[in-house]
1. Pairs needed: first member in the stretch A:113-142, at the interface with another protein chain (Cβ under 10 Å from one of its Cβ atoms) and part of a loop (DSSP other than H, G, I, E, B); second member anywhere, of a type in the set (Lys, Arg) and surrounded by fewer than 20 Cβ atoms within 10 Å (Cβ to Cβ); C-beta distance under 8 Å; at least 6 residues apart or different chains.
2. What number goes with the only condition from (1) of a type outside the set (Phe, Trp, Tyr); (2) modelled with pLDDT of 90 or more; (3) surrounded by fewer than 16 Cβ atoms within 10 Å (Cβ to Cβ); (4) under 30 Å from A:Trp13 (Cβ atoms) that B:Ile49 does not pass?
3. What residue, among those in the stretch B:1-26 that are modelled with pLDDT of 90 or more and exposed (fewer than 11 other Cβ atoms within 10 Å of the Cβ), is nearest to A:Arg147 (Cα to Cα)?
4. Regarding the stretch B:53-68, can at least one residue be identified that is farther than 26 Å from A:Leu117 by Cβ and at pLDDT below 90?
5. Counting only residues that are aliphatic (A, V, I, L, M), under 14 Å from the mean Cα position of the chain (by Cα) and more than 10 Å from chain B (Cβ to nearest Cβ), which one in the stretch A:93-112 is farthest from A:Phe57 (Cα to Cα)?
6. For the stretch A:11-61, how many residues meet the condition of being assigned to a loop (DSSP other than H, G, I, E, B) and not acidic (Asp, Glu)?
Amino acid sequence: MPLFSQLYNFAHWLTQDRSEAEDLVQETYVKALRGFSGFQQGTNFRAWMYRILRNTFLTSRSGSKASATRPLEEEDQEQLPATEETPESIFIASSQKEMLQNALAELPVPFREILLLCDFEEMSYQEISDTLGIPAGTVMSRLSRARRALRLTLSKKLKV
Amino acid sequence: MADEFTSKLDAYLDGELAAADMKALDAHVRACPACAADVLGRVQMKRAIKSASQRYEPRSEFRAKIERRLKPRAGFPKDPLYFRLAGIAKHRIYVARWPPHLP
């Protein structure tokens with residue numbers, strides 16, 4: 001079944017709950033089946049499926065709660081410590097995959113989803129733009145802020 | 001480290017810069033140790049995120065449930081997404097093999 005595992009993985013990252021992720025994936029396929037006539041042949045099928053899943057998530061109870069978190073701009077106010085060792089170098093040295101997973105899970109949904117689409121799904125900026133319904137320029141700036149926020153979260157975790 | 005280049009490093013690594021910018025940044029990274037170290041750190045982080053992101057697998061019971069729902073049911077042969085998705089996959093294979101090999 002095309003995209004099933006990837007969609008489930010993405011859904012679980014968004015909801016942080018197995019049961020909600022299953023409901024979300026099921027609803028995504030039901031909506032895709034119902035609305036397939038709206039899909040234009042030759043356009044990006046993967047982006048279309050991810051868009052359905054994400055929009056379904058945003059209208060769900062946990063999705064609307066997640067999107068009501070503090071404004072993303074606030075992330076920019078926080079500064080990374082100026083040290084020789086970067087969060088990356090310390091992290092890589094310690095190889096703490098679980099710490100990175102926890103840091104990703106703590107990010108606000110807009111940052112988490114864009115990092116997953118870019119670095120895990122390896123979508124182009126245009127595909128991400130189609131999936132999230134935002135301009136390509138916003139994709140670039142949001143990705144940059146998401147990566148900065150992840151570095152900040154990791155550097156805080158490494159200090160504990 | 002040149003700010004002019006730093007701001008473009010993510011797009012550079014994501015393969016999203018125009019050819020001319022890509023060439024200029026390539027040349028800069030080769031000559032600037034600070035940017036080269038920055039690029040290395042970002043590449044490692046991208047790889048780490050990719051590996052860490054594959055975290056959740058669907059349960060086999062759940063997969064079976066969805067497959068049952070998508071397969072054509074007796075008496076309802078029309079409009080199954082299953083066939084349509086299969087159609088897209090076939091179309092993609094056809095496009096990928098274009099031009100066809102002639103005997």
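1. A:Glu121/A:Arg46; A:Glu122/B:Lys50; A:Met123/A:Arg46
2. (3) is the only condition that B:Ile49 fails.
3. Out of the qualifying residues, it is B:Gly15.
4. Yes; the residues of the stretch B:53-68 include at least one that is farther than 26 Å from A:Leu117 by Cβ and at pLDDT below 90.
5. For the stretch A:93-112, the residue satisfying everything is A:Leu107.
6. The total comes to 9.
The values are calculated or read from the model by the stated rules, or taken from the named source; none is laboratory data. Small disclaimer: the values here were computed from a predicted structure and weren't measured. All Cβ positions, glycine included, derive from the backbone under ideal geometry; neighbour counts span all protein chains shown.
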